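Take a look at the structure set out below.
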Amino acid sequence: MPTQIEIDRLRELLDSGAQLVEVLPAEEFRDEHLPGAINIPLKSLDARSTATLDRSNPVVVYCWDYL
């Protein structure tokens, strides 16, 4: 179930092997993304596109929005 987390918790998760997935469009991801992140654009997010993720480790999904 999705849960919002703060930066300190994100650091803990990443240090423990969590996978960081940015769901930005590919062009935006190419321009700028968080270190170590992989890109799976939100419109492509499905069982096939996430098949390479390690299901034994947490997955952190991130998207920057200018709201």
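In table form, for the structure just shown:
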item	result
Share of carbon and sulfur in the accessible heavy-atom surface of the chain [1.4 Å probe, %]	54
Relative contact order for the chain, counting Cα pairs under 8 Å that sit 6 or more residues apart, in percent	40
Label-point gap, in nm, between I7 and S49 - each point 7 angstrom along Cα→Cβ	2.8
Ranked by how many other beta carbons lie within 10 Å on average, peptides 33-43, 18-28, 51-61 from highest	18-28, 33-43, 51-61
Net charge over other residues, Cβ less than 15 angstrom from the Cβ of P35 (K, R count +1; D, E count -1)	-2
Per residue value of the accessible surface for the chain (all protein chains in place, 1.4 Å probe), Å²	83
Estimated distance in nm for a label pair at Y62 and R30, the labels positioned 7 Å out from Cα along Cα-to-Cβ	2.1
Among A26, A51, N39 the positive-end extreme of the charge dipole of the chain (Cβ point charges)	A51
Cα-based Rg of the chain normalised by 2.2 N^0.38 Å, two decimals	1.10
Note, ³J(HN,Hα) from phi for segment 14-23, Karplus 6.51, -1.76, 1.60, rounded to Hz, x at Gly and Pro	5, 5, 8, x, 4, 9, 9, 10, 9, 9
Note, ³J(HN,Hα) from phi for segment 30-40, Karplus 6.51, -1.76, 1.60, rounded to Hz, x at Gly and Pro	4, 5, 6, 7, 6, x, x, 6, 10, 10, 10
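The values are calculated or read from the model by the stated rules, or taken from the named source; none is laboratory data. Nothing here was measured: the structure is a model prediction, and the numbers come from that model. So basically every Cβ, Gly included, is an ideal-geometry build from the backbone, and we count neighbours across all protein chains shown. Note: areas computed on protein heavy atoms with side chains; ligands, DNA, RNA excluded. Shrake-Rupley method; radii C 1.70, N 1.55, O 1.52, S 1.80 Å.
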